[in-house]
1. Taking 7 Å along the Cα-to-C-beta vector as the label spot, tell me the Q74-R26 distance in nanometres, rounded to one decimal.
2. Rounded to the nearest 20 Debye, what is the dipole magnitude of the chain about its Cα centre when Lys and Arg each give +1 and Asp and Glu each give -1 at the C-beta?
3. Do the sum for the chain: with -39,500 (n - 2.57) for every DSSP H run of n ≥ 4, divided by all residues, what is the mean residue ellipticity at 222 nm, to the nearest 500 deg cm²/dmol?
4. Using Cα pairs closer than 8 Å and at least 6 residues apart in sequence, work out the relative contact order for the chain, in percent.
5. How large is ³J(HN,Hα) for each residue in segment 102-108, as worked out from phi by the Karplus curve 6.51 cos²θ - 1.76 cosθ + 1.60 (θ = phi - 60°), to whole Hz, x for Gly and Pro?
6. Pairwise over distinct Cα atoms, reciprocal of the mean inverse distance: report the Kirkwood radius of segment 19-60 in Å, one decimal place.
7. Within the chain, how many Lys pairs that are eight or more residues apart, or on different chains, come under 19 Å at the alpha-carbon?
8. With a Förster radius of 22 Å, plug the Cβ-Cβ distance of T195 and K95 into 1/(1 + (r/R0)^6) and report the FRET value to the nearest 0.05.
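Every number here is computed from the coordinates shown, using simple stated rules; none is lab data. This one's a predicted model, so the numbers in the text were calculated from it and none came from an experiment. Quick reminder, even Gly has a Cβ in these numbers, built from the backbone with ideal geometry, and neighbours come from all protein chains shown.
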Amino acid sequence: MIVLLDLSGVFFNDGLSIAIERVCDRWGFEPAFVKEVLDGGFSKDCREGRESAESYWERAQREFGIDEIDELKQVYFDSYELQPGAKEAVIRLKKQYRLGFLSNSPPDRVPYLDEKFHFLELFDFGMWSYEAGCRKPGQSIYEQLLKKFELDATEIVFFDDGRKNLPPAEALGMTAIYVDEISQVEPALEKLSQT
């Protein structure tokens, strides 16, 4: 069996929601506007690898109309924290399963979070949306993951906190389970093993 985890909302907290709240508090923006710029269509090309992070942040600075874009970026990245017990859970999982991740992410957040948390070394494999050129729930990201790592979809149990991300995985033969924190993964695997 292969365990495949989403990162934001499963391994990490929901850093995006926290960032939106912090940015709104600091600069007085509306939450929907901040979400659109950080995670919506405005950021699509960056998150899907068709725009550099530098270009995205230049556009974001113009869109937000502020001089403190480096501060805003720092607030955004610093909003991500590990779920309680995340590293320990992943270490336990890796002793029993091949372990991977599938995550929507801008390219510059990855090295920042890995430097802070040293988490990439915990996984056997993984794919980012900016590498795949598309995001979940787009079918292509799942297909590319299977092809790149020569995986059999029927051997994968995929955990995500986005319900819309589960059907594409199931359509390819993966078992897909909704969780909203890492502590739910091991009990779900135990329950699955009893069926």
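1. 0.8 nm
2. In debye, rounded to 20, the chain gives about 520.
3. -14000 deg cm²/dmol
4. 29 percent
5. Per-residue couplings from phi come out as 9, 9, 7, 7, x, x, 7 Hz.
6. Radius from the Kirkwood sum: 10.6 Å.
7. 15
8. 0.50
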